[in-house]
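First the structure, in the form of structure tokens, and then the observations on it.
The values are calculated or read from the model by the stated rules, or taken from the named source; none is laboratory data. Note that this is a predicted model, so its numbers are computed, not measured. Ideal geometry is used to build each Cβ from the backbone, glycine not excepted, and the neighbour counts take in all protein chains shown.
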Amino acid sequence: MENRKEILVTGGAGFIGSHTVVELIQNGFDPVIIDDFRNSEEVILEGIERIVKRKIKVYRIDLTDYNKVREVFKVHQFCAVIHFAAYKAVGESVDRPIKYYRNNLNTLLNVAELAIEFNVFEFIFSSSCTLYEVPLDCAAVSEKTPLCEPTSPYASTKKMGERILNDIAKTNPRLKILFLRYFNPIGAHFSGFIGELPQGRPNNLLPYITQTAMGKLQELTVFGNDYDTADGTCIRDYIHVSDIAEAHVAGVQWLMEQLPNTKEVINLGTGQGKSVSEIISLFESITGEKLNWKFGPRRAGDKEQIFANAQKAKKLLRWTSRRSIEEAISSAWKWEMKKGSPSVFICYEKAQQKGTCF
Ligand code: UDP
């Protein structure tokens with residue numbers, strides 16, 4: 001019987017969670033998912049299992065239910081927790097702050113409390129670049145860049161999440177915590193088996209683009225063309241989700257080598273900014289699809305430009321993003337076209353048997 005280390009992955013059926021579960025397994029870990037699938041679907045689980053060719057341990061549990069989560073801790077010997085589970089729609093968080101505070105904070109409190117009770121001291125928390133104040137000179141954002149006043153309840157829950165874990169660490173010095181601040185994860189697993197599954201109308205740029213190109217949505221509105229950037233549209237650091245997933249594996253491995261009482265914040269980005277207009281042009285040239293889009297007014301709360309200084313991840317985790325923006329966009333498109341269709345699985349398996357590209 002192989003002796004793989006069990007890792008609790010909350011929200012493991014979600015976008016970043018599912019890709020991380022794949023990478024964990026492929027790197028010899030044994031992830032255990034807790035996810036109630038409110039923001040995912042069975043097809044993601046099927047997709048993970050097809051990629052890794054084994055059954056995944058999953059508990060369909062609401063993480064706000066302390067007693068149920070405690071039962072999971074009782075039956076597994078976790079060596080680390082990766083806490084992804086959270087609501088993440090910025091706009092919705094403004095309209096429904098209680099929903100966001102209740103869910104994002106209670107889930108974290110439950111998982112952190114149980115991790116300590118069951119002596120699981122390695123903890124990775126999903127945080128966000130939205131916490132940063134953009135420097136006046138628009139330079140790349142490093143972990144030392146000051147934080148801003150959160151512009152949404154979603155951002156507040158990420159800032160509070162970090163604060164809560166920092167406070168807990170003061171009285172639990174055995175904890176080792178890694179705060180991973182994501183820039184803009186996009187794309188999908190190269191197999192086309194798993195990817196982003198936004199519920200309803202997407203908020204993020206890439207799924208909005210792919211769904212528009214598929215004809216599911218009529219038209220993309222580019223939010224603002226009067227920003228102080230080369231082409232007037234906002235700039236972000238778009239990073240392939242599989243690169244982000246690999247960073248979590250590197251993060252777990254790094255935490256295991258650290259002494260107790262470790263706390264680090266690390267940016268996960270490529271270090272390259274791309275404007276909304278550049279992304280549209282790239283999408284059109286990569287896919288050959290003509291996108292229906294128009295300029296519209298700015299979206300409230302949007303930062304003009306933000307991209308990562310990703311040096312710390314390189315130095316500490318020995319991780320750097322390695323997939324191109326072209327790869328990220330084409331994988332997102334492939335996923336959009338094939339999402340959950342049984343033919344995807346069959347084509348992939350045939351290609352694997354023949355040793356051809358999929
Ligand atoms: N964006 C846009 N139209 C959309 C969705 C997003 O122009 O329908 C822009 C948005 O204003 C931002 C960029 O795309 O400049 C990335 O937005 P997203 O919501 O994906 O990420 P975030 O704002 O969290 O960085």
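Within segment 283-309, residues that are without any contact (Cβ under 8 Å) to a residue 12 or more places away in the chain have Cβ atoms under 9 Å from residues that are more than 9 Å from the ligand (Cβ to nearest atom) and assigned to a loop (DSSP other than H, G, I, E, B) in these pairs: Glu284/Lys290; Glu284/Leu291; Ala300/Thr151, counting only partners at least 6 apart in sequence or on another chain. What residue, among those in segment 169-189 that are out of contact with any Leu (no Cβ under 7 Å at 6 or more places or on another chain) and of a type in the set (A, V, I, L, M, F, W, C), is farthest from His240 (Cα to Cα)? The qualifying residue farthest from His240 (Cα to Cα) is Leu175. Here is the figure for segment 45-81: residues that are within 19 Å of Leu108 (Cα to Cα) and under 17 Å from the mean Cα position of the chain (by Cα) total 1.
Residue count for segment 185-203 under the criterion of being free of Cβ contacts under 8 Å to residues at least 60 places away in the same chain and buried (at least 17 other Cβ atoms within 10 Å of the Cβ): the result is 1.
Counting just the residues of segment 113-147 that are part of a loop (DSSP other than H, G, I, E, B) and within 16 Å of the ligand (Cβ to nearest atom), which one comes out surrounded by the fewest Cβ atoms within 10 Å (Cβ to Cβ)? Lay out the reasoning, then the answer.
Here is the first cut: in segment 113-147, the ones part of a loop (DSSP other than H, G, I, E, B) are 118-121, 133-140, 142-146.
With the extra rule that they be within 16 Å of the ligand (Cβ to nearest atom), the set shrinks to 133-134, 138, 140, 145.
Details: Glu133: 13, Val134: 16, Cys138: 15, Ala140: 18, Thr145: 19.
So the residue we want is Glu133.
Results for (1) within 13 Å of the ligand (Cβ to nearest atom); (2) closer than 24 Å to Glu284 by Cβ; (3) of a type outside the set (Lys, Arg), shown as yes or no for each residue.
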position: Arg174; (1), (2), (3): no, no, no
position: Gly192; (1), (2), (3): no, yes, yes
position: Pro202; (1), (2), (3): yes, yes, yes
position: Pro207; (1), (2), (3): yes, yes, yes
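Let's see how each residue does on (1) modelled with pLDDT under 95; (2) closer than 24 Å to Gly14 by Cα; (3) not acidic (Asp, Glu):
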{"site": "Asn261", "(1), (2), (3)": "no, no, yes"}
{"site": "Gln272", "(1), (2), (3)": "no, no, yes"}
{"site": "Ser285", "(1), (2), (3)": "no, no, yes"}
{"site": "Lys294", "(1), (2), (3)": "no, no, yes"}
{"site": "Gly301", "(1), (2), (3)": "yes, no, yes"}
{"site": "Ser321", "(1), (2), (3)": "no, yes, yes"}
{"site": "Ser331", "(1), (2), (3)": "no, yes, yes"}
{"site": "Tyr348", "(1), (2), (3)": "yes, yes, yes"}
{"site": "Gln353", "(1), (2), (3)": "yes, no, yes"}
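Answer yes if at least one residue in segment 26-44 is under 18 Å from the mean Cα position of the chain (by Cα), under 23 Å from Asn267 (Cβ atoms) and among the aliphatic types (A, V, I, L, M), and no otherwise. No, there is no match, as no residue in segment 26-44 is under 18 Å from the mean Cα position of the chain (by Cα), under 23 Å from Asn267 (Cβ atoms) and among the aliphatic types (A, V, I, L, M).
Looking at segment 47-97, which of the residues that are in contact with a Ser or Thr (Cβ under 9 Å, 6 or more places away or on another chain) and among the polar types (S, T, N, Q) is surrounded by the fewest Cβ atoms within 10 Å (Cβ to Cβ)? Step through it out loud before you land on a result.
Filtering segment 47-97 for residues in contact with a Ser or Thr (Cβ under 9 Å, 6 or more places away or on another chain) gives 47-48, 50-51, 62-64, 69, 81-88, 90-91, 93-94, 97.
Remaining after also requiring among the polar types (S, T, N, Q): 64, 93.
Working: Thr64: 17, Ser93: 21.
That would be Thr64.
Would a scan of segment 245-261 turn up a residue that is among the β-branched types (Val, Ile, Thr) and within 27 Å of Ala155 (Cα to Cα)? Yes: one or more hits. Cβ separations smaller than 7 Å between residues 6+ apart or across chains give the following pairs from segment 211-225 residues that are more than 6 Å from the ligand (Cβ to nearest atom) to residues that are in a strand (DSSP E or B) and not hydroxyl-bearing (Ser, Thr, Tyr): Thr212/Leu220; Glu219/Trp293; Glu219/Lys294; Asn225/Phe295.
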